[in-house]
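The values are calculated or read from the model by the stated rules, or taken from the named source; none is laboratory data. If you're wondering where the values come from, they're calculated on a predicted model, not measured in any experiment. Neighbour counts run over all protein chains shown; Cβ positions are idealised from the backbone, glycine included. Calculation scope for accessible area: heavy atoms of the full protein, side chains included, ligands and nucleic acids excluded. Shrake-Rupley method; radii C 1.70, N 1.55, O 1.52, S 1.80 Å.
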Amino acid sequence: MKGEFEFGDASTDAEGTSLPVTVPVDLKYFEGHFPGNPLVPGVAQIVALVEAGARRVWPELGFSIGMRRVKFTHALRGGDALVLRLTREDGKVRFALTKGDIPCSKGALLFRT
């Protein structure tokens with residue numbers, strides 16, 4: 001079976017929760033996106049990385065109903081070590097994904113409460 005995102009242990013502080021994530025070189029979402037220059041597709045970042053990470057931290061989250069102000073600013077590739085930063089308020093989970101000091105994506109996911 002092809003690789004899935006690899007999540008580390010979450011840590012929480014007054015600002016929110018941080019979750020380390022590694023992009024495996026054999027990530028299943030690389031297939032067809034793009035041969036010879038694989039990039040993590042945006043939909044995989046949202047569903048398999050951000051939403052899955054948020055559900056690891058808050059398993060009680062309701063049904064996903066949308067997203068707001070999502071921006072992708074840096075490509076993700078196999079072997080990348082990332083940090084997913086999460087904050088939660090009401091039915092909204094804000095996220096920021098970084099690779100070292102480089103912002104990669106940010107936005108908010110909406111959940112039915």
Self-check item: Filter pass, residue 35 being open to solvent by less than 30 Å² (accessible area, probe 1.4 Å), part of a loop (DSSP other than H, G, I, E, B) and over 25 Å from residue 112 (Cα atoms)
Solution: no
Exercise. Look through 63, 111 and report the one residue that is open to solvent by 60 Å² or more (accessible area, probe 1.4 Å) and not aliphatic (A, V, I, L, M).
Key: 63
Quiz prompt | Selected residue (only one of 64, 11 is polar (S, T, N, Q) and closer than 15 Å to residue 92 by Cα) | solution = 64
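Which of the residues spanning the stretch 66-103 are on the phi > 0 side of the Ramachandran plot, in a strand (DSSP E or B) and open to solvent by 40 Å² or more (accessible area, probe 1.4 Å)? Break it down stepwise before answering.
First, pick out the residues of the stretch 66-103 that are on the phi > 0 side of the Ramachandran plot: 66, 69, 79, 90, 100.
After this cut, where a residue has to be in a strand (DSSP E or B) as well, the list is 66, 69.
Selection gives 69 alone.
Taking the options 98, 87, name whichever one is within 21 Å of residue 14 (Cβ to Cβ), touching a strand residue (DSSP E or B) at 6+ places or on another chain (Cβ under 7 Å) and without any contact (Cβ under 8 Å) to a residue 24 or more places away in the chain. Spell out the reasoning first.
Working: 87 fails: without any contact (Cβ under 8 Å) to a residue 24 or more places away in the chain.
Result: 98 is the single residue among 98, 87 that is within 21 Å of residue 14 (Cβ to Cβ), touching a strand residue (DSSP E or B) at 6+ places or on another chain (Cβ under 7 Å) and without any contact (Cβ under 8 Å) to a residue 24 or more places away in the chain.
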Quiz prompt | Unmet requirement for residue 7, which otherwise passes all of (1) under 19 Å from residue 73 (Cα atoms); (2) touching a Lys or Arg at 6+ places or on another chain (Cβ under 9 Å); (3) modelled with pLDDT of 95 or more; (4) not acidic (Asp, Glu) | solution = (1)
